[in-house]
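Single-structure report; data block below.
The values are calculated or read from the model by the stated rules, or taken from the named source; none is laboratory data. These figures come from a predicted structure and were not determined experimentally. Here Cβ is always computed from backbone atoms with ideal geometry, including for glycine, and neighbour counts include all displayed protein chains.
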Amino acid sequence: MVAVTRLLPAVLHAAQLPLTELCVARLDGEVYAVDECFAPIDEVEDATTRALALKALVGDNAVAERESALWIYGVRSSPPLKHTLCVPRTNRAAPARTKRAIVRETRLRADDTRQIGGLQVTSPVRTAFDLLRSETFTEVERCAIAALFERFDVDADACRLRIDSVANLPGRTRALTRLGQLVGTG
């Protein structure tokens, strides 16, 4: 069996090829759009492809969270208009190379992130934890958390443990109430 060398990277962006050529290749059916990037038509769109596309936009220092993490995990079908990113409080570098990003500083534990395609992404438990604590909580967030519970090794007990593990957590009561409503105990 002969090993085949891949000629194109999994994700292409305007820094690698002119945008005009990428758009023509899309029209010709050679590539498809992945957010602001493009992937060869034989590349499967999955979490790695989406993470590579976001990494091309935001750089190495950011952690994809909330809406962006949901998109990378495939819970959202399309990328958010504004990517949600965070940086650990110990790393105050400005990570975003795009104006389509909202960046916040936060405390992250070692088990709060996963590396996908070279990009740090909040774990499914941390993503649910952040959504439960958010100011707004609509049916969209409820469905996203339910999808995380269904697709990953995440459940109400794991979320409750994560919430209870932080002393003086802002939004603790709100998060526990929402979690109870999601699983039918609140």
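Residues that are within 22 Å of ARG100 (Cα to Cα), among the acidic types (Asp, Glu) and out of contact with any strand residue (DSSP E or B) (no Cβ under 8 Å at 6 or more places or on another chain): which helices (runs of 4 or more DSSP H) entirely in the range 2-72 hold 3 or more of them? Full working, then the answer.
On the way: elements: 19-27, 47-58, 66-72.
So the answer is none; nothing clears 3.
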Note to self: Among the numbered criteria (1) modelled with pLDDT of 95 or more; (2) touching a strand residue (DSSP E or B) at 6+ places or on another chain (Cβ under 7 Å); (3) under 19 Å from ARG133 (Cα atoms); (4) not in a helix (DSSP H, G or I), which one does VAL75 miss?
What the structure shows: (2)
Margin query: Condition first: in a helix (DSSP H, G or I) and under 22 Å from VAL44 (Cα atoms). Can you find one or more residues in the range 122-132 that meet it?
Written below: yes
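For the range 63-84, how many residues are more than 15 Å from GLU36 (Cβ to Cβ) and surrounded by 17 or more Cβ atoms within 10 Å (Cβ to Cβ)? Break it down stepwise before answering.
Going residue by residue through the range 63-84, those that are more than 15 Å from GLU36 (Cβ to Cβ) are 63, 65-67, 69-70, 73-77, 84.
Restricting the remaining residues to those that are surrounded by 17 or more Cβ atoms within 10 Å (Cβ to Cβ) gives 63, 65-67, 69-70, 73, 75-76, 84.
Residues that pass the stated criteria total 10.
Quick check on this structure: which one of ARG104, ARG178 is out of contact with any Gly (no Cβ under 9 Å at 6 or more places or on another chain), of a type in the set (D, E, K, R) and not in a loop (DSSP other than H, G, I, E, B)?
Details: ARG178 fails: out of contact with any Gly (no Cβ under 9 Å at 6 or more places or on another chain).
Exactly one residue qualifies, and that residue is ARG104.
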Next item on the list: State yes or no: is ARG97 in contact with a helix residue (DSSP H, G or I) (Cβ under 8 Å, 6 or more places away or on another chain), farther than 29 Å from VAL166 by Cα and either in a loop (DSSP other than H, G, I, E, B) or at pLDDT below 95 (or both)?
Entry: yes
Next item on the list: Would you point out which residue out of ASP153, ASP157 is part of a helix (DSSP H, G or I) and closer than 22 Å to ALA69 by Cα?
Entry: ASP157
Next item on the list: Go through ALA156, ALA110, ALA146, ALA128 for me and flag whichever is more than 20 Å from the chain's Cα centre (by Cα) and not β-branched (Val, Ile, Thr).
Entry: ALA156
Notebook entry, point to check: Among the residues of the range 135-150, which ones are part of a loop (DSSP other than H, G, I, E, B) and either of a type in the set (A, V, I, L, M) or modelled with pLDDT of 90 or more (or both)?
Noted result: PHE137, THR138
Checklist line | LEU108 touching a Leu at 6+ places or on another chain (Cβ under 9 Å), crowded, with 16+ Cβ neighbours inside 10 Å and within 23 Å of ILE145 (Cβ to Cβ) | finding: no
Next item on the list: Could you grab me the full set of residues in the range 125-145 that are crowded, with 21+ Cβ neighbours inside 10 Å and without any contact (Cβ under 8 Å) to a residue 40 or more places away in the chain?
Entry: ALA128, ILE145
Note to self: Checking ALA167 against (1) of a type in the set (A, V, I, L, M); (2) in a loop (DSSP other than H, G, I, E, B); (3) touching a residue at least 60 places away in the same chain (Cβ under 8 Å): exactly one of these is not met. Which one?
What the structure shows: (3)
